[in-house]
Amino acid sequence: MKLHLTYSHENLRRPVLAEVIAKTGILINILEARVTPQSAEMVVDVPATGAEVQQIISSLTEAGLKVKQITKFVEFESDKCISCGACVSICPVGAIIQDKDWQVHMDETKCIGCRICIRACPLHVIEVF
């Protein structure tokens, strides 16, 4: 499950993610972060489901963070894709594959949001949120 986290100014100096990981025992992977002196925003991946995700969300909320579940992380317009394969070989996690019929497919669950594929796509049919 991918989550969008918003830190307030008061939470910037606290190791909130480390505290939540220590408390829950569930690892959190930071996919993207933007930090300023006033606030911070992060997109994280929580490799858990059900009650474990709810435990993470509750812990982050209790720590003062705003938490939003990301239900759609990648938009891949397959109907506009020409299956050139420019995005396939450069994907560092194998989230984009080309099948035996040369059609390009994306596995959103593997995507880490690095955006390398966006720069590689000549038709700009991939968008990462």
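The values are calculated or read from the model by the stated rules, or taken from the named source; none is laboratory data. These numbers come from a predicted model, not from an experiment. All Cβ positions, glycine included, derive from the backbone under ideal geometry; neighbour counts span all protein chains shown.
Miscellaneous remarks
Results for (1) closer than 20 Å to Val43 by Cβ; (2) touching a strand residue (DSSP E or B) at 6+ places or on another chain (Cβ under 6 Å), shown as yes or no for each residue.
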position	(1), (2)
Ile82	no, no
Val88	no, yes
Val93	yes, no
Ile97	no, yes
Met106	yes, yes
Gly113	yes, yes
Ile116	yes, no
Pro122	no, no
Val125	no, no
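- Filtering the range 4-44 to residues that are free of Cβ contacts under 8 Å to residues at least 24 places away in the same chain and surrounded by 14 or more Cβ atoms within 10 Å (Cβ to Cβ) leaves only Ile21.
- Screening the candidates Lys66, Lys72 for the property of being closer than 26 Å to Val53 by Cβ, out of contact with any strand residue (DSSP E or B) (no Cβ under 6 Å at 6 or more places or on another chain) and basic (Lys, Arg) yields one hit, Lys72.
- When the range 1-54 is filtered for residues that are touching a helix residue (DSSP H, G or I) at 6+ places or on another chain (Cβ under 7 Å), more than 18 Å from Lys68 (Cα to Cα) and modelled with pLDDT under 90, only Gln38 remains.
- Glu108 fulfils the conditions (1) in contact with a Lys or Arg (Cβ under 9 Å, 6 or more places away or on another chain); (2) modelled with pLDDT of 90 or more; (3) among the charged types (D, E, K, R) except for a single criterion, (2).
- Only one of Lys68, Lys100 that is part of a loop (DSSP other than H, G, I, E, B) and of a type in the set (Lys, Arg): Lys100
- Sole residue being within 21 Å of Leu5 (Cβ to Cβ), without any contact (Cβ under 8 Å) to a residue 40 or more places away in the chain and outside the structural domain of Ala18 (by TED's automatic domain parsing), chosen from Arg119, Arg115: Arg115
- Among the residues making up the range 45-87, those that are more than 30 Å from His105 (Cα to Cα) and touching a residue at least 60 places away in the same chain (Cβ under 8 Å) are Leu65, Lys66.
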